[in-house]
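A short worksheet on the structure shown next.
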Amino acid sequence: MERRGIERWLGLLLLLGIYLSIRGYRSLEGDQAYRLPLLIHHQDPSVFEADPFVRAFDAFNPHRGSIALLDFLARPLGLSAALFGVFVATFLGTGRAVARMGSSVWGDSRPGAGWVAVGLFLAARAGNIGTNHLFEPMVLDRLVALAMGWQAIADAIERPSVDRWKSSGWIAMAAVVHPAVGLQLAMTLAASWVVWGILSSDQGPGIRGALVVAASLGVAVVPGLAINLWQRSTLQGELPDGLFWMLSVELQSPQHMLPHLWRMPQWLAWFSYVILAVLSFDRRVGGRDSNGPRSRLASMMVVLGVGLFAAWYAIEVVHGLRATVFQPFRMSTVARGLALVLVAGRLVRLWNEGGLGRIRASALAAGFLGDWLLVVVTLAELAVSAALAIGGRKVLPAVVYAGMMGLAIHFLGHHDTEYGHRLLIVALIVGGLAARRWDRVQSATDPRREARRWRVALAVAWAVPLAAILAGMIPLDHPSARLEMVRRLIERCRFAAVPRDDFERLALWCRRNTPPSARFIGPPGPKTFRLWSHRSLAFNRAGSPYHGAGLADWFARFQDHVGLRGSPEAFIQAYREHRHEVEARYEAMSDEARAGLAARQGADYLVARAPRKDRLARTGPIELLHVEGRYAVYRVRSEAIVHRQP
């Protein structure tokens with residue numbers, strides 16, 4: 001392997017260690033908590049045999065490809081090791097693709113732009129319309145498919161005439177892992193190729209070649225769609241359009257599907273990406289090549305913008321059911337990623353200018369950590385760009401920027417709940433120090449010590465993750481497992497299946513002390529009980545199937561679970577306005593009511609808040625089995641089950 005290639009992989013490993021140290025690693029929680037039971041049931045059909053959520057995927061399961069991938073790795077390695085292996089591959093694949101795009105778009109004119117793009121990509125939290133971040137510290141089907149999509153996009157942007165068929169291969173794999181994301185990526189790339197073909201010069205791909213590539217992308221998604229979606233049940237089934245819309249869109253996942261629910265700062269921050277990308281499109285760099293990587297990337301951003309506007313119109317104006325369920329705003333994340341590649345070049349240029357440029361670069365990099373923070377930093381960049389455009393050289397831009405930063409800090413201090421003013425002040429201080437001392441530090445660097453610096457940097461970056469791995473190996477009953485440092489390390493990076501809270505510990509107790517055929521009811525909110533207990537759960541609010549029949553059953557259980565009946569419209573309105581109060585109705589039930597609920601939902605055990613000490617010995621329809629912190633598990637007494645509606 002060439003020296004440059006070795007340094008690239010070492011750089012990615014260094015970034016991975018830094019990312020794990022700062023952001024941590026989350027496994028066996030979140031979205032994994034209700035998707036991994038599908039894998040466990042696939043490996044052993046006797047587990048979750050009576051679970052209505054898991055069995056609903058027998059009819060319609062778009063996760064077959066990702067389940068097959070994890071199953072292939074988990075059988076020899078174990079689930080936790082397989083998940084971390086996929087996470088590392090996803091991280092390295094994403095980082096490699098983004099670094100390639102940054103290097104090809106900016107070339108030698110902006111050295112290091114590729115690495116800056118990767119750093120921005122990993123740090124960016126602002127502007128996540130559609131509630132999909134660019135990267136997260138856990139394994140998700142969407143992120144794995146996007147990692148393959150980034151590879152396809154990098155191939156198409158960097159060397160389209162050479163790697164056009166490689167892009168189709170990446171898209172084919174992405175569609176297997178996540179069919180919707182794979183199809184959306186294929187549509188984006190196909191439309192971009194057509195635009196490139198229309199705008200190309202004599203050396204470009206030409207419209208005929210572009211159409212051939214677009215057709216190959218269409219063929220590439222067929223295997224993934226066939227594997228995941230060729231089933232005996234359709235998505236909607238026999239559920240009417242109106243009811244399916246209410247259950248699937250308004251109740252199940254409104255935060256992913258309905259643009260009008262996204263906060264104004266999210267929208268403004270997303271448009272800030274676009275504004276900064278336009279400001280970064282410096283035609284003085286490679287401007288003669290109309291078919292160059294930057295032009296292709298910009299054309300793809302235009303394609304995405306047109307597609308997202310069409311999606312907004314289809315959802316908010318037409319109320320198209322299929323367009324909404326397709327979740328097209330996942331591609332807004334791709335648009336943000338492409339914008340960051342352009343912004344990386346601007347950051348490198350500002351940093352190389354020194355002085356005020358380094359202060360601006362530091363503030364701009366910090367801006368991607370928060371919505372309002374990015375908005376005010378973007379306004380400041382616009383103001384300085386205007387000052388430079390009218391002929392200002394030193395004094396005017398500095399005065400304008402200082403005034404904008406003062407206004408920004410004042411605004412953030414009074415309106416930003418994420419404390420963006422603190423981050424901005426720190427960024428300005430760092431930029432000011434770098435403007436005075438960075439060159440001196442660089443000149444003191446000795447190239448002969450490069451190998452030693454790499455070793456030291458990797459050791460420091462990986463100190464916390466390696467310590468977390470060792471902490472996860474400590475047996476739960478060992479005294480050192482209770483140490484505060486051990487607990488914090490595991491909370492930072494959970495590489496092994498070590499429970500972190502009362503609910504997970506209670507679920508683990510249930511796995512060891514209840515029969516495999518046991519069926520539970522529990523609080524509607526917490527997601528992790530099903531996964532950690534390996535026991536069937538009659539209902540969970542987050543664990544909802546996708547197809548019509550499963551959704552209807554899930555909604556009926558939801559109403560019964562919180563004792564709130566009525567029309568779907570009334571239920572959804574009450575849940576949106578008073579979500580926590582609605583979910584708390586389960587805990588407010590009497591023992592008799594919970595026993596009746598368990599009977600109606602076919603459960604013989606239930607999880608609820610731990611009883612008060614003065615009620616530990618009380619007899620009734622449920623029998624206390626075990627207490628774990630705030631929660632307890634009970635057995636429903638067979639002689640006290642009430643078979644009636646509340």
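The values are calculated or read from the model by the stated rules, or taken from the named source; none is laboratory data. Remember, predicted model here, so these are calculated numbers, not experimental data. Because the Cβ atoms are built from the backbone with ideal geometry, glycine has one as well, and the counts that use them run over all protein chains shown.
Condition test on Pro545, is it within 29 Å of the chain's Cα centre (by Cα) and either assigned by TED's automatic domain parsing to the domain that holds Arg630 or part of a helix (DSSP H, G or I) (or both)?
Yes; evaluated as a whole, the condition is true for this residue.
Among the residues of region 353-393 satisfying the criterion of being of a type in the set (Lys, Arg) and in contact with a helix residue (DSSP H, G or I) (Cβ under 8 Å, 6 or more places away or on another chain), which is surrounded by the most Cβ atoms within 10 Å (Cβ to Cβ)?
So, considering only residues that are of a type in the set (Lys, Arg) and in contact with a helix residue (DSSP H, G or I) (Cβ under 8 Å, 6 or more places away or on another chain), the one surrounded by the most Cβ atoms within 10 Å (Cβ to Cβ) is Arg360.
With surrounded by 21 or more Cβ atoms within 10 Å (Cβ to Cβ), over 22 Å from Asp553 (Cα atoms) and under 21 Å from the mean Cα position of the chain (by Cα) as the only criterion, which of Leu13, Leu20, Leu69, Leu92 stands out?
Leu20
Mind checking which helices (runs of 4 or more DSSP H) fall wholly inside region 156-222 and carry at least 2 residues that are in contact (Cβ under 8 Å) with a residue 24 or more places away in the chain, among the aromatic types (Phe, Trp, Tyr) and crowded, with 16+ Cβ neighbours inside 10 Å?
The qualifying helices (runs of 4 or more DSSP H) are 179-199.
Suppose we keep only residues that are crowded, with 18+ Cβ neighbours inside 10 Å and part of a helix (DSSP H, G or I) within region 410-421. Which one would you say is modelled with the lowest pLDDT? Lay out the reasoning, then the answer.
Quick first cut of region 410-421, residues crowded, with 18+ Cβ neighbours inside 10 Å only: 412, 416, 420-421.
Filter again for part of a helix (DSSP H, G or I), leaving 412, 420-421.
On the way: Leu412: 94, Gly420: 88, His421: 91.
Within region 410-421, the match that is modelled with the lowest pLDDT is Gly420.
Can you tell which of Val54, Val88, Val47 is part of a helix (DSSP H, G or I), under 25 Å from Pro526 (Cβ atoms) and of a type in the set (A, V, I, L, M, F, W, C)?
After applying the criteria, what remains is Val54.
Test of understanding: among Val274, Val306, Val317, Val302, which residue is closer than 28 Å to Val384 by Cα, modelled with pLDDT of 90 or more and in the same structural domain as Leu342 (by TED's automatic domain parsing)?
Step by step, each of Val274, Val306, Val317, Val302 is checked, and only Val302 is closer than 28 Å to Val384 by Cα, modelled with pLDDT of 90 or more and in the same structural domain as Leu342 (by TED's automatic domain parsing).
Quick check on region 410-426. Is at least one of its residues within 25 Å of Gly107 (Cα to Cα), in contact with a Leu (Cβ under 8 Å, 6 or more places away or on another chain) and not assigned by TED's automatic domain parsing to the domain that holds Asp108?
Start the filter on region 410-426 by keeping residues that are within 25 Å of Gly107 (Cα to Cα), which leaves none.
Within region 410-426, not a single residue is within 25 Å of Gly107 (Cα to Cα), in contact with a Leu (Cβ under 8 Å, 6 or more places away or on another chain) and not assigned by TED's automatic domain parsing to the domain that holds Asp108.
If Trp230 satisfies all but one of (1) more than 25 Å from Phe558 (Cα to Cα); (2) in contact (Cβ under 8 Å) with a residue 40 or more places away in the chain, what's the number of the condition it fails?
Only one criterion in (1) more than 25 Å from Phe558 (Cα to Cα); (2) in contact (Cβ under 8 Å) with a residue 40 or more places away in the chain is unmet by Trp230, namely (2).
Identify, by number, the condition in (1) outside any helix (DSSP H, G or I); (2) surrounded by fewer than 17 Cβ atoms within 10 Å (Cβ to Cβ) that Ala402 doesn't meet.
All conditions pass for Ala402, except number (1).
Residue under question is Ala82, and the condition is that it be surrounded by fewer than 19 Cβ atoms within 10 Å (Cβ to Cβ), outside the structural domain of Ala538 (by TED's automatic domain parsing) and in a helix (DSSP H, G or I); does it hold?
It is false that Ala82 is surrounded by fewer than 19 Cβ atoms within 10 Å (Cβ to Cβ), outside the structural domain of Ala538 (by TED's automatic domain parsing) and in a helix (DSSP H, G or I).
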